[in-house]
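Scroll down for the structure; my scribbles are underneath it.
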Amino acid sequence: MKSRFLTYIIISLLLVACGTGNKDNETYTLTTPNGVDEMAVSIDTMDVDNPFITYDVATNRYYMVADGGYMWTSADMHVWNGPYDVLQQDTTSWIGASPIITSPEIHKYNNRYYYMATFENPDSIVNDANGNPFVRRSCVALVADSIVGPYVTIDNTRSLLAVEEMAAHPTFCTDDLDVGYMIYNHQGEQNGDATVQIVRFTPDLGRRMGEAYVMFTASQNSWSRSEVEGVEQFSPIMEAPDLFYTGDYVMGIMFNTYIDETPAVGVAYSQTGTLNGPWVIEEEPMLTGYRAAAMFNDYDGTLVMVTSMDTIIGESMKRVPKLFKMESQFNKLQIEGHYKF
């Protein structure tokens, strides 16, 4: 194994800086966290939660981020190199010096790369709208000129969302005018009925414009359920929204919920083909036994879904990433089969 101070991979990128035109070819060196060796790991044996994969044309590589805030890279999606440090967030902001980072995603917008994730500060206790205390948990966006970072805080003087709102699982999308939006969930453990919400951003994605509005709620889902004090009811959990388009340009959102103790992935479709909806949840889950799912396009445009499944490997339980090749049938998203390397 090599120490964190040795270069495992050097990626040369031709960058386009936002508003400044083409930059010269620049070289970035990825390094691992302190005390962690670089590894080459098969995706079938990885242990990561909330995996998100994107393919970058400029470098002809795949990039995976997951809980913990680290990045993995791959040339073929089968063997992954990492973990790498890519964040330089402002620890003087509300997130503190040692935030818990979950459900990250990377999106390219206006020739820059944006890292969106849930940040939680265990040392920050705030009150919700009803005066109830909770550990502060919200959505944060960071920016970089390169897909490998470093990702830095956009604006440390403002929060993207209200302080009293327990929010998580941000994702990014644009409308027909290329205006940027963040879709996220207001968590059910705070409001008793999780909501998938959307809010408009300023062009630099540093601040919200206006207030968020609800797209759909956990209680609208007919098949998710949980037992509370012996009474079965709808599951108040609805997390990890991820926007996608089918091959017929139908707009949908994937989400994660539960059927009793079993995780499940569901889908909702916009009835107007716009972000405004209305949104109708499919009557059956797309997958059961799998956790938060996200969509991305392979190098040839093939639509792929990455999710994770609890898997026993040896004597330990791991949350292993799983890949599915997707297709469109009758204006709906369908699983064609497991992704073949």
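Every number in this text was worked out from the coordinates using simple rules, so none of it is lab data. Quick caveat: nothing in here was measured; it's all calculated off a predicted structure. Every residue, glycine among them, receives a Cβ derived from its backbone with ideal geometry; neighbour counts consider all protein chains shown.
Work out how much length THR262 to SER124 would gain on full extension: take 0.36 nm times their residue separation and subtract the Cα-Cα distance, in nm to one decimal.
Extending this stretch completely gives an extra 46.5 nm.
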What does the charge count near SER219 come to, summing +1 for each Lys or Arg and -1 for each Asp or Glu among other residues with Cβ under 12 Å from its Cβ?
-> 0
Calculate the spin-label point distance for ASP175 paired with HIS78, positioning each point 7 Å from the Cα along the beta-carbon direction, and give it in nanometres.
-> 4.5
Residue among PRO236, ILE154, LEU323 farthest towards the positive dipole end of region 40-338, charges placed on Cβ = ILE154
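Which of the peptides 80-86, 29-35, 127-133 is most tightly packed, and how do the rest follow, judged by the mean count of other Cβ atoms within 10 Å per residue?
80-86, 29-35, 127-133
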In whole angstrom, how far apart do the alpha carbon centroids of region 160-202 and region 49-69 sit?
-> 21
Under a straight-distance cross-link criterion of Cα-Cα below 19 Å, which aspartates and glutamates are reachable from LYS325, leaving out those fewer than 8 residues away in the same chain?
-> ASP44, ASP56, ASP76, ASP242, ASP248, ASP298, ASP300, GLU336
Among (i) 21.4; (ii) 20.2; (iii) 20.7, which is the computed Kirkwood radius over Cα pairs in Å?
-> (iii)
For ALA97 paired with GLN220, estimate the spin-label separation in nm (one decimal), with each label point 7 Å from Cα along the Cα-to-Cβ line.
-> 4.4
How much length is gained on full extension from VAL36 to VAL280, taking 0.36 nm per residue of separation minus their Cα-Cα distance?
-> 83.3 nm
Cβ-based exposure ranking for GLU261, GLU327, in which fewest neighbours within 10 Å come first = GLU261, GLU327
Point-to-point label distance, THR302-GLN329, nm (Cα→Cβ direction, 7 Å offset) = 1.8
Can you give the helix-only mean residue ellipticity at 222 nm for the chain, where every DSSP H stretch with n ≥ 4 adds -39500 (n - 2.57) and the sum goes over all residues, rounded to the nearest 500 deg cm²/dmol?
-> 0 deg cm²/dmol
